[in-house]
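Participant: Please read through the structure below; I'll follow up with questions.
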Amino acid sequence: MQSLRSLLIATVLFLVAGISTLSAQEGVIRGFVYEKETGEPVIFTNVYLYRSSYGAATDVNGYFTISKIPAGNYTLMVTSMGYDTVREPITLSKGQVITKKLFVSKAAFNLDEVQITAEQAEARTDTRTSVIKITPKQISRIPTIGGQPDLAQYLQVLPGVVFTGDQGGQLYIRGGSPIQNKVLLDGMVIYNPFHSIGLFSVFDTDILRNADIFTGGYNAEYGGRISSIMDLTTRDGNKKRIAGKVGASTFGGKLMLEGPIVKQTDDGNGSLSFLLTAKNSYLKQSSEIFYNYIDTAGLPFNYTDVYGKISINAANGSKVNVYGFSFNDKVDYTNLATYEWHSKGAGANFVVIPGNNPVLMEGNVAFSSYDIGMREQAQPPRSSTINGFNLGLGFTYFLGKNEIKYGLEMLGFKTVFDFTNTVGLKYNQTENTTEIAAFVKYKLTKGKLLFEPGMRVQYYASLSNFSPEPRLAAKYNFTDHFRFKMAAGLYSQNLISANSDRDVVNLFYGFLSGQDNLQQTFKGKDVNHKLQKSQHVVVGFEFDPFPFTSINLEGYYKNFSQLTNMNRNKIFNDTDPYTDKTNPNYVVDYYRKDFIIEQGNANGVDMSIKYDRKKIYLWAVYSLAYVNRSDEFEDYVPHYDRRHNVNLVSSYRFGSELSWEFNARWNFGSGFPFTQNQGMYEKLPFNNGVYTDYTTENGQLGIVYGKYNAERLPFYHRLDLSMMKRFRLGENGILEANLSVTNVYDRDNIFYINRLTSQKVYQLPVMPSFGLTMSF
């Protein structure tokens, strides 16, 4: 890995030093593409000069830049599936910068035979290694549990993603735990994006514009996590008219409202719009009626999510968004445990188009907080809090088909944690920390080669650790239909989880800042830093063997060279006399430190085959994965180490105006690891100390455990189906009726086994649901 670091650093310095400035003899055409009906940006669509090699794709803001254009007369064209083509004559002078706002109308009919889409064009012009781009349209292609499509359900299908269960399940991405996955919403850090039932996220699918899921090998614009990134962008409110959606199902209800405060006119003047959405689950109450065969007391899951946004758009396309959210979740197992968390935040982001320079400036500032607590019968309560700010400023400079992106980030947060372990030792921590980062990424397009070196430098103030992190991505287009790609990089993070990777089922998921009171040595070597670190290498190829068909294959290796985990083996306080090596009572770090150092790795192969043509959508995903961990004395596999994972998804639209839609998903996963009971014994509590009479004292049933996670649970598999019908109501109204069935053949998928009674508890059984949604 040291040679990889040196190579990447040298590559970045060489290429950045060679960047030349834009020639004054060449012009620039830039601007935005919007939907005419709503004013919403049209993302990832083609904008090009007719009968020339000059062109670009719009980004997540609908922005495009075509630079280094010789002076002359051109026809600017916009083509996108589902929209009418736009043509506009352009006269460009030497050194001139032209800014355009282009409006496209939805096509009156769809073209079945169009084979070159913006997505296929982007595949040839973007490295796209270990990244999946998701739109609401794609999310709707899988069965909708509870009558509403949801990002959490779609993520479970993605290559490299492992989902551990319907109740309290978490997502693990290519060997990384949830704490190692960074979630951004409009640039704001979200600390818990999923509800405890595991089937729903905190995000309303209808307000999402795009979601980029980086499963590894991400470049220098992202940092602070060592496994994966989820970057979500919400859309603006309708700039032309008041619109909305209201819905209800057997699981929950939702309401969305949007519209202009200052309306956008057809000539593209400035505008002011709003977007407000709220959704909640009343499953605890409704399950007593519809699902009492599962539990007569009802399913104990409730949540409420509220998100609001105001968008200020200038006439030249520059914009400012102000937003805020409140997400809440509660689980109440009667007479057993109560668990709840609350998350809230607010922030702003902006996009600025400077005068006559081919530069895009973006920035954000936000504050968010997350509080979680759990009260269990006969157990001390647990609580965790994290709150803080994050801000960033970035610049993208366009150099023809090349570009350079650079920026600064700053993050500060406070963590509070209270916990008592099984032997009565109490953890209590309050920490404040700050992180500062700078990054630069250069995209070079040279013929068939795409080359993206990057460098990120991150400083962790609380640990006084500086981390240089070179990154690299590349793609080579052998043909228009076959492409090779790779990515590599070094990564670090400060945050650690308030639970252990060895916990199998744990709804309580708190946060801690990195610890400086760690063991001095690990496996005989000195520990020279306190950060968690990893190194990624990803290689793969993309192949389009037939029209509308794509194959993606990637192999990856993640080396987690240093991890910090809660010490479940602690039985002594980290104080004298146990810390004094000259004292006969000295105890090694492994049995007295609150946190211990571990290492690990994850490697595997992910393959997906996709067919997408108007009425029919087919998607097959297979993942082969190996995840390993080791501490000072023991090698083990974590509970989410799933060897094989298969997802088959299909969607079919039919009927008049394609108003009927049938969706299906089948998931198969090999068994998760677990620890067997090796035996039972009578465990004496010795309540009276040395005066306890062990011959008459009544003990408790104790368990002798076998080797940690040495055995496997049975295979998991489940079939979900849904049918949806759309009814048009006037010019803008649509009524959708959705019937879905989860776990159609009522598979008994194991959740956990009571070690004392051997009673099996299963995941959710067959669950039908029905929902109605009306858009206006």
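The values are calculated or read from the model by the stated rules, or taken from the named source; none is laboratory data. Bear in mind that the values here come from a model prediction, so they are computed numbers and not experimental data. Cβ coordinates were reconstructed from backbone atoms using ideal geometry, including for glycine residues, and neighbour counts include every protein chain displayed. With ligands, DNA and RNA removed, areas are computed over all heavy atoms of the protein, side chains included. Shrake-Rupley method; radii C 1.70, N 1.55, O 1.52, S 1.80 Å.
Participant: Do we have any residue at all in the range 578-592 that's open to solvent by 40 Å² or more (accessible area, probe 1.4 Å), at pLDDT below 85 and in contact with an Asp or Glu (Cβ under 7 Å, 6 or more places away or on another chain)?
Facilitator: yes
Participant: Out of all the residues in the range 235-243, is one or more aliphatic (A, V, I, L, M), assigned to a strand (DSSP E or B) and open to solvent by less than 60 Å² (accessible area, probe 1.4 Å)?
Facilitator: Yes - at least one qualifying residue is present in the range 235-243.
Participant: Can you find, within the range 224-234, the residue that is nearest to the chain's Cα centre (by Cα) among those that are open to solvent by 10 Å² or more (accessible area, probe 1.4 Å) and closer than 28 Å to residue 31 by Cα?
Facilitator: Looking at residues that are open to solvent by 10 Å² or more (accessible area, probe 1.4 Å) and closer than 28 Å to residue 31 by Cα, I get 231.
Participant: Exactly one condition in (1) more than 22 Å from residue 621 (Cα to Cα); (2) among the charged types (D, E, K, R); (3) open to solvent by less than 50 Å² (accessible area, probe 1.4 Å); (4) assigned to a strand (DSSP E or B) is not met by residue 682; state its number.
Facilitator: Evaluating residue 682 over (1) more than 22 Å from residue 621 (Cα to Cα); (2) among the charged types (D, E, K, R); (3) open to solvent by less than 50 Å² (accessible area, probe 1.4 Å); (4) assigned to a strand (DSSP E or B) leaves (3) as the failure.
Participant: Restricting to the range 54-97, name every residue that is closer than 16 Å to residue 30 by Cβ, open to solvent by less than 50 Å² (accessible area, probe 1.4 Å) and among the β-branched types (Val, Ile, Thr).
Facilitator: Across the range 54-97, the qualifying residues are 58, 60, 65, 66, 69, 78, 86, 90, 97.
Participant: Out of 553, 490, report the one residue that is modelled with pLDDT of 95 or more, farther than 30 Å from residue 376 by Cα, in contact with a strand residue (DSSP E or B) (Cβ under 6 Å, 6 or more places away or on another chain) and open to solvent by 40 Å² or more (accessible area, probe 1.4 Å).
Facilitator: Criteria check complete, one pass: 553.
Participant: From 151, 171, 155, grab the single residue that is open to solvent by 10 Å² or more (accessible area, probe 1.4 Å) and not basic (Lys, Arg).
Facilitator: Answer to the check: 171.
Participant: Would you pick out the residues in the range 305-347 that are open to solvent by less than 50 Å² (accessible area, probe 1.4 Å), among the hydroxyl-bearing types (Ser, Thr, Tyr) and assigned to a strand (DSSP E or B)?
Facilitator: 307, 311, 323, 326, 338, 339, 343
Participant: Let me ask something additional. Please go through the range 357-383 and pick out each residue that is polar (S, T, N, Q) and at pLDDT 90 or above.
Facilitator: Passing the criteria: 364, 368, 369.
Residues checked against (1) open to solvent by less than 40 Å² (accessible area, probe 1.4 Å); (2) within 17 Å of residue 768 (Cα to Cα); (3) modelled with pLDDT of 95 or more:
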| site | (1), (2), (3) |
| --- | --- |
| 705 | no, no, no |
| 711 | no, no, no |
| 714 | no, no, no |
| 721 | no, yes, yes |
| 730 | no, no, no |
| 733 | yes, no, no |
| 742 | yes, yes, no |
| 748 | no, yes, no |
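Participant: Please determine, by comparing only the residues of the range 606-629 that are surrounded by 16 or more Cβ atoms within 10 Å (Cβ to Cβ) and among the β-branched types (Val, Ile, Thr), which one is farthest from residue 667 (Cα to Cα).
Facilitator: 627
Participant: Further, regarding this structure: Residue by residue through the range 38-53, note down the ones that are of a type in the set (A, V, I, L, M) and either surrounded by fewer than 19 Cβ atoms within 10 Å (Cβ to Cβ) or more than 22 Å from residue 269 (Cα to Cα) (or both).
Facilitator: 49
Participant: Buried (at least 19 other Cβ atoms within 10 Å of the Cβ) and at pLDDT 90 or above: does that describe residue 12?
Facilitator: no
Participant: Quick check on this structure: which one of 214, 163 is within 29 Å of residue 405 (Cα to Cα), open to solvent by 10 Å² or more (accessible area, probe 1.4 Å) and not β-branched (Val, Ile, Thr)?
Facilitator: 214
Participant: Can you work out which of the residues in the range 372-395 that are more than 21 Å from residue 185 (Cβ to Cβ) and polar (S, T, N, Q) is surrounded by the fewest Cβ atoms within 10 Å (Cβ to Cβ)?
Facilitator: Among those that are more than 21 Å from residue 185 (Cβ to Cβ) and polar (S, T, N, Q), it is 377.
Participant: Which pairs turn up if I take residues in the range 525-542 that are at positive phi and look for partners that are open to solvent by 40 Å² or more (accessible area, probe 1.4 Å) and at pLDDT below 95 with beta carbon separation below 7 Å, at least 6 apart in sequence or on another chain?
Facilitator: Close Cβ pairs (under 7 Å, with a partner that is open to solvent by 40 Å² or more (accessible area, probe 1.4 Å) and at pLDDT below 95) do not exist here.
Participant: Go through the residues of the range 462-471 one by one and say whether even a single one is of a type in the set (A, V, I, L, M, F, W, C), buried (at least 18 other Cβ atoms within 10 Å of the Cβ) and touching a strand residue (DSSP E or B) at 6+ places or on another chain (Cβ under 7 Å).
Facilitator: no
Participant: If you don't mind, there's one more thing I want to ask. Does residue 419 count as aromatic (Phe, Trp, Tyr), crowded, with 16+ Cβ neighbours inside 10 Å and either farther than 30 Å from residue 530 by Cβ or touching a Leu at 6+ places or on another chain (Cβ under 8 Å) (or both)?
Facilitator: no
Participant: Take the range 436-472 and flag every residue that is hydrophobic (A, V, I, L, M, F, W, C) and closer than 25 Å to residue 66 by Cα.
Facilitator: Selection gives 439, 440, 444, 449, 450, 451, 472.
Participant: Being among the hydroxyl-bearing types (Ser, Thr, Tyr) and assigned to a loop (DSSP other than H, G, I, E, B) is the filter; apply it to the range 448-495 and report the residue that is nearest to residue 178 (Cα to Cα).
Facilitator: Step by step, filter the range 448-495, then rank; the result is 462.
Participant: To continue, here is another question. Of all residues in the range 693-703, count the ones that are open to solvent by 50 Å² or more (accessible area, probe 1.4 Å) and among the aliphatic types (A, V, I, L, M).
Facilitator: 1
Participant: Okay, next question. Limited to the range 636-677, what total is found for residues that are farther than 12 Å from residue 712 by Cα, without any contact (Cβ under 8 Å) to a residue 60 or more places away in the chain and among the β-branched types (Val, Ile, Thr)?
Facilitator: 1
Participant: Residue by residue through the range 253-299, note down the ones that are under 30 Å from residue 765 (Cβ atoms), surrounded by fewer than 21 Cβ atoms within 10 Å (Cβ to Cβ) and of a type in the set (Lys, Arg).
Facilitator: Within the range 253-299, just 284 meets the criteria.
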